[in-house]
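These notes are about the structure you will find just below.
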Amino acid sequence: MTDHDTGRSGRGGREGGADNTEYRIAHLQERLVREEVAELGMRIESRGGTVVVSGTVPTAECRDTVVRVAKEELGGTPVRTDIVVADPTAPDRPEELA
Amino acid sequence: MIRVAAVGDIHMGPDSRGVLRPAFETLPDRADLLLLAGDLTRHGTPEEMRVVAEEVADLRVPVIAVLGNHDHQDERPEEVTAVLRDAGVTVLEGGGTVVDVDGTRVGVAGTKGFGGGFAGRSGGEFGEPIMKEFIRYTRRRADGLRASLEELDRRGCAVRIALTHFSPVPDTLAGEPLEIYPFLGSYLLAEAVDSAGADLAVHGHAHAGTEHGLTSGGVRVRNVAQPVIRRAFAVYHLESGTERGTGALAGASR
């Protein structure tokens, strides 16, 4: 595999650090785990020129934190979020396991 | 009929105090027991676990839990376990408990479990000490699960349930990236369930997975991570071995 195949920038380290979306996504993932939300369940993917952050979190406060951290960490890269807050209601029916 | 309520991965913290309580208070009308499949907190602190304890205290149904990896993050598993036990929760790690439901003995065997991957695509006890320990750690938890299920059989349980945090099967991981499957569960847990026999296996951990799965021995598996079931809990109705007339499922691959 070559740099041309992968489309990665940063041959020889020229643009390989802060501007590399792949590494920035990895750093965001690490930061979400490390910081106050301890969130391992987010899916973070590069799509076109944007980064999509999706998943389910326990509270609206957690969602706000994930969105804030994502924008901080990916500053300059457009971020789209699709984060659902877990539903705390009781189920409307059981599953019968006969 | 046995009514089993279950949920995992509720990831509670101070900002979620009281969120699940209204749904949990409906449990006596819906279920005979509540299983908590780990990752009850975010960082495994006693403060967070006290929020969980308040949610499940005095529910009038037995509450049985295993811890998850998040509940170990603060490296105080004994303390957070004690917080749950003080609230009346039975916390299992390599042990079992029996609940009497209208004269039917229902056994629950529990362990957090661990990763390693699934048959044909798993890590092995080979090479560096840390790699060997990774798999041995999982194997010890699987061995504890098997021994507990066998003990529940000897104690005359008509229904036996395996409760883990990590997944015993890949089926319920569908939706997760394939690359992370080895961190989501281990076939050693399924092998333990199939060799000892069980009527149901319940786990959490895989937020992007799916609810329904089956071990290769035919035991039904349910991923009850809250992001998967999209409710405060799921309820499963199980027939006891006597009601089934054979008990064949429980011993299908013993």
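Things worth noting here:
- Shielded residues, the stretch A:80-97 - accessible-area loss of 40 Å² or more between chain alone and all protein chains, probe 1.4 Å: A:D87, A:P88, A:A90, A:P91, A:P94, A:E95, A:L97
- Share of carbon and sulfur in the accessible heavy-atom surface of chain B [1.4 Å probe, %]: 50
- Extended-chain gain in nm, criterion 0.36 nm per residue less alpha-carbon gap, A:E96 and A:E72: 4.0 nm
- Portion, in percent, of the accessible area of the stretch A:16-85 that falls on carbon or sulfur, probe 1.4 Å: 47
- Judged by the mean number of other Cβ atoms found within 10 Å, the most tightly packed of the peptides B:227-233, B:123-129 leads the ranking B:227-233, B:123-129.
- For the chain pair A and B, buried accessible area totals roughly 2300 Å², probe 1.4 Å, rounded to the nearest 100.
- If the chain linking B:H212 and B:A119 were pulled fully straight, counting 0.36 nm for each residue of separation and taking away their Cα-Cα distance, it would gain 31.6 nm.
- Across the stretch B:138-241, Cα pairs under 8 Å and at least six residues apart give a relative contact order of 29 percent.
- Using C-alpha pairs below 8 Å separated by at least 6 residues, the relative contact order for the stretch B:1-47 is 61 percent.
- Three-way shape label, the protein assembly as shown, alpha-carbon gyration tensor, a/c 1.5: prolate
- Theoretical FRET efficiency, 1/(1+(r/R0)^6), r = Cβ-Cβ of B:I130 and A:E22, R0 25 Å, to 0.05: 0.40
- Prolate/oblate/rounded label for the stretch B:1-132 (Cα gyration tensor, a/c 1.5): oblate
- Residue-normalised accessible area of the protein assembly as shown, expressed per residue, 1.4 Å probe, Å²: 44
- Helix-derived mean residue ellipticity, 222 nm - over the protein assembly as shown, DSSP H n ≥ 4, -39500 (n - 2.57), to 500: -8500 deg cm²/dmol
- Amide N proximity, the stretch A:18-58 versus A:V84 label position 7 Å along Cα-to-Cβ, cut-off under 14 Å: A:42-43, A:54-58
- Remark: relative contact order (chain B) = 21 percent; criterion is Cα-Cα distance under 8 angstrom and separation of 6 or more residues.
The values are calculated or read from the model by the stated rules, or taken from the named source; none is laboratory data. The model shown is predicted, which means the values in this text are computed figures rather than measured ones. Because the Cβ atoms are built from the backbone with ideal geometry, glycine has one as well, and the counts that use them run over all protein chains shown. Accessible surface is based on the protein model in full, side chains and every heavy atom, while ligands, DNA and RNA are left aside. Shrake-Rupley method; radii C 1.70, N 1.55, O 1.52, S 1.80 Å.
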